[in-house]
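Colleague: Take a look at this one; I'll ask things after.
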Amino acid sequence: MIKGRHVLSTGVATLVSGGLGLLLAFVAARLLTPVENGYYAQYLLVMSGVFIVLNFGIGPASTYHLASGRWGLPEMTRLNVRFTGIVGLLVLIVGLALAVTPAGVGLERTFKAPAPVLYAGLASGVLLIGVTQATAVLMGCHRYDRANIVNVLRSGLPLPFVLGAGFAVGGEMAVIGAQTIALAGVLAVALALLPGAPTRADGTRGAGRIHALLRYGGLAYLSNLLHFTAMRGLLLFVSFHAAPEQVGYFTLALLLLEALLLLPSTIGQLALSQSNSPMFDHDQIETMLRVNIYIGLALSVGIVFAAEPLAAWLLGPAYASAGTALANLAPSVVLLTIPRILSQVLSGQGRPGYPLAAAVASAAVSIVLAVWWIPGHGLVAAAWITNIVAAVTAVVVLVGYCRVQGGRVLSVLTPQLCDFTLVGQIRRGWRGSQA
């Protein structure tokens with residue numbers, strides 16, 4: 001069962017982390033011109049791409065296998081440290097190859113980004129993998145407080161570095177360099193927070209256990225990679241067909257969308273490490289899902305009317321297009337709530353195949369629509385492709401969840417009286433945990 005104390009503490013940490021991440025994006029936009037912010041957005045895209053392409057699903061597999069007792073803590077920690085080191089060496093080789101061959105120049109011209117931006121993105125991607133692997137181990141051990149510290153630092157520590165570099169030096173490379181250094185500091189803290197006391201594992205040994213880990217991780221990896229292609233991959237099409245500042249506008253819109261999805265993301269994060277328990281309360285998670293849908297509906301109505309003037313007020317008139325993109329993303333606030341929660345429930349129960357099926361369908365739809373729609377319609381097309389992808393993902397994941405649980409879609413989504421008493425239940429759970 002997901003305890004009220006964990007929901008509140010992780011929820012607060014996720015909200016703080018998301019708020020700091022959003023503030024970092026606003027600060028960068030204020031310190032940089034729209035073109036420079038576009039380069040900064042491309043750095044973030046490369047960093048995210050390296051993380052998605054090279055994490056191989058080891059993070060979620062670590063959480064699942066630790067939480068279920070299939071692996072012990074010391075061996076899982078060693079596995080993740082070695083894995084991160086191997087990925088770092090691989091990225092170093094690729095970076096050197098790009099620097100000394102025409103491929104680097106070709107990549108720079110194709111995506112209209114300076115080479116140093118791309119190389120910094122490669123380095124930061126490796127650091128992000130290390131931070132995420134450490135967080136996954138902490139979640140698998142149910143050390144939520146330590147995981148929350150790492151998540152808050154990941155967004156908060158770069159902020160003073162970026163502010164200092166932006167005012168003292170200026171330009172996109174100063175901001176990017178400062179964020180990379182801060183991310184290295186977060187990795188050092190994350191490694192220091194890994195617990196030393198071993199957890200107990202079951203008696204399974206040898207190649208069979210490794211195979212189970214890689215199989216689970218492989219399914220999670222393919223799912224995340226395809227979801228990234230379906231959603232963030234649209235930035236590649238925008239980068240190819242539009243000016244750098246357009247990439248910056250759409251990146252800001254996606255960051256604002258992520259901020260609006262912090263609560264369902266928090267619940268999904270907790271469900272991943274607890275849904276494998278026979279005591280897991282499916283009625284509770286379905287109630288949480290419906291409440292989050294109600295919240296998403298209210299937020300989506302608000303951003304339709306407020307997104308553009310709010311973006312212009314916060315970031316300046318030059319960034320009004322980011323608000324326009326966000327307003328067009330309003331349906332995704334509701335639609336993405338479903339997979340943010342239920343995909344994690346399914347993965348935590350050892351059923352990552354359903355999120356993978358959703359990812360395959362959404363990636364196919366995204367690529368076809370992007371090739372046809374983005375060249376002529378830019379940011380608006382990218383936003384509505386995101387909405388369509390979110391709808392496809394939500395439908396497939398919801399159907400998969402209902403098949404696993406033996407329920408019906410309408411029974412999951414139909415409003416119930418218990419939805420409106422959820423806050424009171426969480427409050428009582430919090431008080432009980434403190435008693």
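Colleague: May I ask you to compute the full-extension gain from Tyr294 to Ser277, defined as 0.36 nm times their residue separation minus their alpha-carbon distance, rounded to one decimal in nm?
Modeller: 3.4 nm
Colleague: About the Cα centre of the chain, what is the dipole size in debye to 20, counting +1 per Lys and Arg Cβ and -1 per Asp and Glu Cβ, all else neutral? Let's see the in-between values first.
Modeller: Numbers: 24 positive and 13 negative charges, 234 e Å.
Dipole magnitude for the chain comes out near 1120 debye.
Colleague: For labels at Val94 and Asp145 in the simple 7 Å Cα→Cβ model, what's the distance in nm?
Modeller: 3.8
Colleague: Still on this structure, please answer the following. Rounded to the nearest 0.05, what FRET efficiency is calculated for Ala103 and Thr421 with R0 set to 35 Å and r the Cβ-Cβ distance?
Modeller: Working: r = 59 Å, r/R0 = 1.69.
Once the sixth-power term is evaluated, E becomes 0.05.
Colleague: Moving to a separate point now. Once amide H atoms are built 1.01 Å from N in the peptide plane, which residues 5 or more positions from Arg70, or in another chain, come under 5 Å H to H?
Modeller: When sequence neighbours closer than 5 places are left aside, the close amide H contacts are Asp202.
Colleague: Using the reciprocal of the averaged 1/r over all distinct C-alpha pairs, how large is the Kirkwood radius of segment 1-150 in Å? Could the numbers behind the result be given before it?
Modeller: Numbers: mean 1/r = 0.0577 Å⁻¹.
Computed over segment 1-150, the radius equals 17.3 Å.
Colleague: Now for a separate question. May I have the extent of the alpha carbons of segment 278-376 along their three principal axes, as whole Å values ordered from largest to smallest?
Modeller: For segment 278-376, the Cα extents along the three principal axes come out at 53, 32, 18 Å.
Colleague: Please report, to one decimal in angstroms, the Kirkwood hydrodynamic radius of segment 40-111 built from all distinct Cα-Cα pairs. Working shown, then result.
Modeller: Working: mean 1/r = 0.0694 Å⁻¹.
One over the average 1/r among Cα pairs gives 14.4 Å for segment 40-111.
Colleague: I'd like the Karplus ³J(HN,Hα) series for segment 110-120: coefficients 6.51, -1.76, 1.60, θ = phi - 60°, whole numbers in Hz, and an x wherever there's a Gly or Pro.
Modeller: Values per residue, Gly and Pro as x: 5, 9, 6, 10, x, 4, x, 4, 5, 5, 5 Hz.
Colleague: Given N residues in the chain, what is Rg(Cα) / (2.2 N^0.38 Å)? Display every interim value, and only then the final one.
Modeller: Working: Rg = 21.1 Å, N = 435, 2.2 N^0.38 = 22.1 Å.
That ratio works out to 0.95.
Colleague: Which residue, Val175, Val247, Val81, tops the fluctuation ranking in a GNM of the chain built on C-alpha contacts under 10 Å?
Modeller: For the chain, modelled as a Gaussian network with Cα springs under 10 Å, the answer is Val81.
FYI, it's all coordinate maths here, none of it is from the lab. Small disclaimer: the values here were computed from a predicted structure and weren't measured. Every residue, glycine among them, receives a Cβ derived from its backbone with ideal geometry; neighbour counts consider all protein chains shown.
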